[in-house]
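Undergrad: Handing you a structure now.
Coordinate-derived values only; no laboratory data. This one's a predicted model, so the numbers in the text were calculated from it and none came from an experiment. FYI the Cβ positions are ideal-geometry reconstructions off the backbone, even for glycines, and counts take in every protein chain you see.
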Amino acid sequence: MAIATPLVDNWYEEQDTGRQFRVVAVDDASDTIEIQYLEGELSELDRASWEQGAIAAIEAPEDWSAPFDDVETDDLGYSDPDLHRPDTGDLTLDDLLEEEDKEPY
């Protein structure tokens, strides 16, 4: 069996247990792969465990968002209206000028 390459947001299945999971991150520096099982549980595998495991690439399950059914879209941050910019309403001209450009009082 060919070894499935771990790709972020792709789905896989552990052939021995039948558990389905999605890769959520691959950290090349620490040689680890972060996964999230269909049930919502998070886990981490080292690259050696991945390569030794019987893992097959699969299509995304039909209802892969089931663990998050009780979460509102706003809670996931998809509709965050905050642009994460500083509040400029309280700034003065001196706040915007470089120190050497400020007039002495």
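Undergrad: Among the residues of segment 11-25, how many are exposed (fewer than 15 other Cβ atoms within 10 Å of the Cβ) and part of a loop (DSSP other than H, G, I, E, B)?
TA: 4
Undergrad: Which of the residues spanning segment 1-20 are hydrophobic (A, V, I, L, M, F, W, C) and closer than 12 Å to ALA54 by Cα? Show your work before the answer.
TA: If we filter segment 1-20 for residues that are hydrophobic (A, V, I, L, M, F, W, C), which is where we start, we get 1-4, 7-8, 11.
Within segment 1-20, MET1, ALA2, ILE3, ALA4 qualify.
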